[in-house]
1. Which of the residues that make up segment 51-66 are surrounded by fewer than 13 Cβ atoms within 10 Å (Cβ to Cβ) and either assigned to a helix (DSSP H, G or I) or in contact (Cβ under 8 Å) with a residue 24 or more places away in the chain (or both)?
2. In segment 14-50, what count of residues is obtained for those that are part of a helix (DSSP H, G or I) and either touching a residue at least 24 places away in the same chain (Cβ under 8 Å) or under 14 Å from the mean Cα position of the chain (by Cα) (or both)?
3. Limited to segment 28-50, what total is found for residues that are at positive phi and surrounded by 15 or more Cβ atoms within 10 Å (Cβ to Cβ)?
4. I want to confirm something. Restricting to segment 1-13 and keeping residues that are in a loop (DSSP other than H, G, I, E, B) and modelled with pLDDT under 90, which single residue is nearest to residue 58 (Cα to Cα)?
């Protein structure tokens, strides 16, 4: 590998960004709603967006469809 030690250790000990944490949380909630609806998305991203908005999670339908 052509990577300096300092860059490697910086990468190794880096914390996840807020964006990555939010994405993981939204993916977890989408998976929950998927299994809660017997393994079906029924109406797809519009319904998932609605269910997430009821929980107070702000995402758009396009983002949800990408994650799905």
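The values are calculated or read from the model by the stated rules, or taken from the named source; none is laboratory data. Since this is a predicted model, take the numbers as computed values, not measurements. Using ideal geometry, Cβ is built from the backbone for each residue, glycine included, and neighbour counts are taken over all protein chains shown.
1. Of everything in segment 51-66, those that are surrounded by fewer than 13 Cβ atoms within 10 Å (Cβ to Cβ) and either assigned to a helix (DSSP H, G or I) or in contact (Cβ under 8 Å) with a residue 24 or more places away in the chain (or both) turn out to be 53, 54, 55, 62, 66.
2. 20
3. 0
4. Out of the qualifying residues, it is 3.
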